[in-house]
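Trainee: Take this structure first; my questions come after.
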Amino acid sequence: METFRQQPRAVWVTAFAAVIAFMGIGLVDPILSTIAEALNAPESKLTLLFGVYLGIQVLAMLITGWSASRFGPKRTLTVGLVLIVVAAGLSAFGSNIDQLIALRVLWGLGNALFMATALAFIVGQARGGQRGAILLYEAALGIGLAVGPLVGALLGTISWKAPFAGTALLMLAGAILCAWMLPSDGPRTNRIPVAISDPIKALRNRTLLVTGIGSAFYTGALFTVVAWAPLALSTANKANGHGAVGPIGTGLVFFGWGLLTAVSGVFLGSRLADRFGQKEGVIGAIIVYAAVMAVAAYGAMTHSVLLIGLAVVLSGIPSGVLNTLFTSVAMSSGDPATPRSVASAGYSFLRWLGGAASAILVAHLASWFGAPAPFWFAAAYCLVAVGAVSLVRNDATDHQPVPEDAALIGTEEM
């Protein structure tokens, strides 16, 4: 508590904006079925709300470091917040699914620009050392991931537009406070120059490349849950003679998912690595994730809303562990001559490429092979990820402590 009490206003302002940004991860899930009914949107376009959001993240990994280096972290952070405000605000006035898809591109870019600099800002300004800053950011992560689906659900009972309007207003307050209270950027000559191509060049490191490929397939499984589970819940409920699962029901499911993701990422990942090693911890967690996806697929086959919802909630445990340990392996395996932020951007480029491809493909898999198919494919993605991680031969990663901020960096681009 002393760590929290002594922080300056600039740190609290950035943490507040981070909470709102993390809330945006689960905001859309509770209202996905409501959007489908209100806008008569096909499933293939609903899942694009996540596919294009992640697709722009892939490109953003190449420009966020360059932008912070060229224009300054405060300008980069503030522009990112403004883009989120514009995208969320205009989404509240959207009249068709195509408009929402286009605005999610803008939202994803804004989120990437903000998250790329928010943690660095908090670490740079916090009192009590890096650990104090990370504690504050961990609190923002947990609150945002858990509360986002509940806010989306509660506002979604009013209208599918209400969660977007609420997010825009909260983020507008954050943008104004950040522009006013954060310290100005220093001279450009004091910043380490970063080229747009540097993250791609970092992938010349074999271990970083293989880890990124493994993470890409796991992230494909992760965003099968995020993009398809709300629709699978409603499909199962309709098969039982009921209507679509409402915002409150879906919101509670993803509240559990977000809470377990945050808690296990911060508290469980590093403990598993200490006991079994980072690589072994990653492989074990992926196998657990594959098993949970099989349960979700069986639930979709038997039209069991309970099984699908339980699988989504429980998937938060291996997901949080993997957000931490995958990132830790990537951070530990980079070339010492390459700045960690550049290596992390290269790894994230591959990671979100897998998530974007999965989110775009998921509805088509369901239309071709049936509602359980996306979950079966997610389980198969996990097996490919296990094969890729098994090829990692850098034993040094298992003998290094998990960086304190690995859980945060592993989650922040979401």
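Trainee: Does segment 143-249 classify as rounded, prolate or oblate by the C-alpha gyration tensor (a ≥ b ≥ c root eigenvalues; a/c under 1.5 gives rounded; else a/b over b/c gives prolate, otherwise oblate)?
Mentor: oblate
Trainee: Quick one: P(r) of segment 135-177 from all Cα-Cα pairs, 5 Å bins, percents rounded to integers, in order of increasing distance.
Mentor: Computed distribution, short to long bins: 5, 22, 20, 26, 18, 7, 2, 0.
Trainee: For the residue pair ILE176 and THR157, what label-to-label distance in nm results when each label sits 7 Å from Cα along the Cα-to-beta-carbon direction?
Mentor: That separation, rounded to one decimal, is 2.9 nm.
Trainee: Determine the relative contact order of the chain: mean sequence separation of Cα pairs under 8 Å and six or more apart, normalised by residue count, in whole percent.
Mentor: 27
Trainee: Counting heavy atoms of the protein chains only and a 1.4 Å probe, report the per residue accessible area for segment 225-369 as a whole number of Å².
Mentor: 36
Trainee: Would you kindly state how much longer the chain becomes between ILE200 and ARG271 on full extension, computed as 0.36 nm times their sequence separation minus their alpha carbon distance, in nm to one decimal? Write out the running numbers ahead of the final one.
Mentor: Values: separation 71, 0.36 × 71 = 25.56 nm, distance 3.15 nm.
So the chain would gain 22.4 nm between ILE200 and ARG271.
Trainee: What does the convex hull of the Cα atoms of segment 203-286 come to per residue, in Å³, rounded to a whole number?
Mentor: Enclosed volume per residue, from the Cα hull, is 115 Å³.
Trainee: Related question: Modelled label-to-label distance, ASP98 and SER184, 7 Å Cα→beta-carbon offset: nm?
Mentor: 4.6
Trainee: Carbon and sulfur atoms: what percent of the 1.4 Å accessible area of the chain do they account for?
Mentor: The nonpolar share, carbon plus sulfur, comes to 68 percent.
Trainee: Per residue, how much accessible area does segment 153-212 show when a 1.4 Å probe rolls over the protein heavy atoms, in square angstrom? Working shown, then result.
Mentor: On the way: 3250 Å² over 60 residues.
Here the residues of segment 153-212 average 54 Å² of exposed surface.
Trainee: If you don't mind, there's one more thing I want to ask. Can you give the charge dipole size of the chain about its Cα centre, rounded to the nearest 20 debye, using +1 on the beta carbon of Lys and Arg and -1 on the beta carbon of Asp and Glu?
Mentor: My answer is approximately 640 debye.
Trainee: Which value, in Å² rounded to 10, gives the accessible area of GLU280 with a 1.4 Å probe and all protein chains present?
Mentor: Roughly 90 Å² of GLU280 is accessible to a 1.4 Å probe.
Trainee: Toward the positive end of the charge dipole of segment 171-317, about the Cα centre and with charges on Cβ (Lys, Arg +1; Asp, Glu -1), which of PHE217, VAL245, HIS303 goes farthest?
Mentor: Result: PHE217, furthest along the dipole toward the positive end.
Trainee: Hey, another quick one. Calculate for the chain the 222 nm mean residue ellipticity that helices alone would give, adding -39,500 (n - 2.57) per DSSP H run of length 4 or more and normalising by residue count, nearest 500 deg cm²/dmol.
Mentor: It lands at -26500 deg cm²/dmol.
Trainee: For the chain, evaluate the Debye formula with one uniform point scatterer on each Cα (no solvent term) and list log10 I(q)/I(0) at q = 0.08, 0.11, 0.14 Å⁻¹, rounded to two decimals.
Mentor: Ignoring solvent entirely, the Cα scatterers give -0.38, -0.75, -1.25.
Trainee: In whole Å, what are the Cα extents of segment 1-73 along the three principal axes, biggest one first?
Mentor: 50, 34, 15
Trainee: Over the heavy atoms of ILE101, what accessible area does a 1.4 Å probe trace out, to the nearest 10 Å²?
Mentor: 20
Trainee: By Kyte-Doolittle mean hydropathy of at least 0.0 and Cα axial length of at least 20 Å, which whole DSSP H helices of the chain are selected?
Mentor: Helices meeting the criterion: 9-27, 48-71, 73-91, 97-125, 129-156, 162-181, 206-239, 247-263, 278-301, 316-333, 340-369, 373-390.
Trainee: Here's a follow-up. How big is the equivalent ellipsoid of segment 176-323 along its three axes, where each semi-axis is √(5λ) from the Cα gyration tensor, reported in whole Å from largest to smallest?
Mentor: Listed largest to smallest, the semi-axes of segment 176-323 are 36, 23, 16 Å.
Trainee: Run the numbers for SER367 and LYS238: contour at 0.36 nm per residue of separation, minus the present Cα-Cα distance, in nm.
Mentor: Values: separation 129, 0.36 × 129 = 46.44 nm, distance 1.63 nm.
Result for the pair: 44.8 nm of gain on full extension.
Trainee: First obtain the Kirkwood hydrodynamic radius of segment 26-129 from its Cα pairs, then insert it into the Stokes-Einstein equation at 25 °C and 0.890 mPa s, and state the resulting D in µm² per second as a whole number.
Mentor: Working: Rh = 14.7 Å.
Translational diffusion coefficient: 167 µm²/s.
The values are calculated or read from the model by the stated rules, or taken from the named source; none is laboratory data. Because the structure is a prediction, the values reported are computed rather than measured. Neighbour counts run over all protein chains shown; Cβ positions are idealised from the backbone, glycine included. Remember, those area values only see protein heavy atoms, side chains included, never the ligands or the DNA or RNA. Shrake-Rupley method; radii C 1.70, N 1.55, O 1.52, S 1.80 Å.
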